[in-house]
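Worksheet for the structure shown next.
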Amino acid sequence: MRSAVRLLAPLAVVLAAPSVRANVTGNVELQSSTTQNVLQPGAGTSQSTLLMESLSLHYAGLPFGPDVAVATAGGAFSNVTGWGNGLQLNGRVYSFDTSVGFLPRRALPLRLWGGGSVEDAATGALATRGPGLSVVYGAALNSEPGAYLPGLRLDASEARNARPGHAERSDIQRHLNASSFGMVSGQRVNLGVRLDDDHRDGAGDASSRAATLDLSSARHQTTFV
């Protein structure tokens, strides 16, 4: 629990600022589930129990006023314990997320976001990630069409994590979505491009590229892929 308090401590500094217009929400949960499996006749039954405790805190506010930026930040701690077939499994997960949206009331809003998680002392089936910090971050830009310029939407992200038995943040996934849209000679034109790259340590790389052109009006719609 002390580690969870250290994870959420930076939020206390933000929340203590008197000039920050903020909403703060917190959540504490305790969940338990028991599963009983009936095997083939003569093989008996097996029973497993899972107990999960979680603590989270989330902040959303306007630290520089509604015309400048919208900010969010959050942190969570989860402790999971499982019992079954004479074995006990344990796992703890610390996670955080944050985002800043600049110029929310302007024609060109920009949003930056990021988050991450750390598994601590996870054993057995509860160990879903490898050692170290797993992170994900990205940016989103939205521009509405004007009198002479088309609309533009960009969404880019990168995730770095690891599977059990591999080096820290050795798996990398990158995604980019871009689209432009507007009216041309009475036709609504939408051009979209998607790029995906996936690197798995020890398994190889995978990439995909896609583009879509859509032309539409009140009478017809044509799509090129």
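Condition check for Leu108 on (1) at pLDDT below 90; (2) hydrophobic (A, V, I, L, M, F, W, C); (3) assigned to a strand (DSSP E or B): one failure, at (3).
Only one entry of Leu55, Leu8, Leu15, Leu62 meets the criterion of being buried (at least 16 other Cβ atoms within 10 Å of the Cβ), under 22 Å from Gly115 (Cβ atoms) and modelled with pLDDT under 80, and that entry is Leu8. Tell me, please, whether a residue that is without any contact (Cβ under 8 Å) to a residue 12 or more places away in the chain and of a type in the set (D, E, K, R) can be found in the stretch 148-168. No, the stretch 148-168 has no match at all. Scanning the stretch 74-91 for residues being under 17 Å from Ser32 (Cβ atoms) and surrounded by 17 or more Cβ atoms within 10 Å (Cβ to Cβ) gives a total of 7.
Results for (1) under 15 Å from Ala210 (Cβ atoms); (2) buried (at least 16 other Cβ atoms within 10 Å of the Cβ), shown as yes or no for each residue.
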residue: Ser157; (1), (2): no, yes
residue: Arg160; (1), (2): no, yes
residue: Gly165; (1), (2): no, no
residue: Ser179; (1), (2): yes, yes
residue: Met183; (1), (2): no, no
residue: Gly186; (1), (2): no, no
residue: Asp196; (1), (2): yes, no
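Scan the stretch 135-168 for residues that are acidic (Asp, Glu) and at pLDDT 90 or above and the total you get is 2.
Out of the residues in the stretch 112-134 that are in a strand (DSSP E or B) and surrounded by fewer than 17 Cβ atoms within 10 Å (Cβ to Cβ), which is modelled with the lowest pLDDT? In this case the residue turns out to be Asp120. Within the stretch 164-208, the residues that satisfy the criterion of being more than 19 Å from Gly138 (Cβ to Cβ) and within 23 Å of the chain's Cα centre (by Cα) are Pro164, His166, Ala167, Glu168, Ser170, Arg200, Asp201, Asp205, Ala206. Of the candidates Asp196, Asp214, Asp171, Asp155, the single residue that is touching an Asp or Glu at 6+ places or on another chain (Cβ under 7 Å) and among the acidic types (Asp, Glu) is Asp171. Only a single criterion out of (1) hydroxyl-bearing (Ser, Thr, Tyr); (2) surrounded by fewer than 15 Cβ atoms within 10 Å (Cβ to Cβ); (3) within 25 Å of the chain's Cα centre (by Cα) is not satisfied by Thr212, namely (3).
The values are calculated or read from the model by the stated rules, or taken from the named source; none is laboratory data. In this text the structure is predicted, and so the values were computed from the model without any measurement. We place every Cβ from the backbone using ideal geometry, glycine too, and count neighbours over all the protein chains shown.
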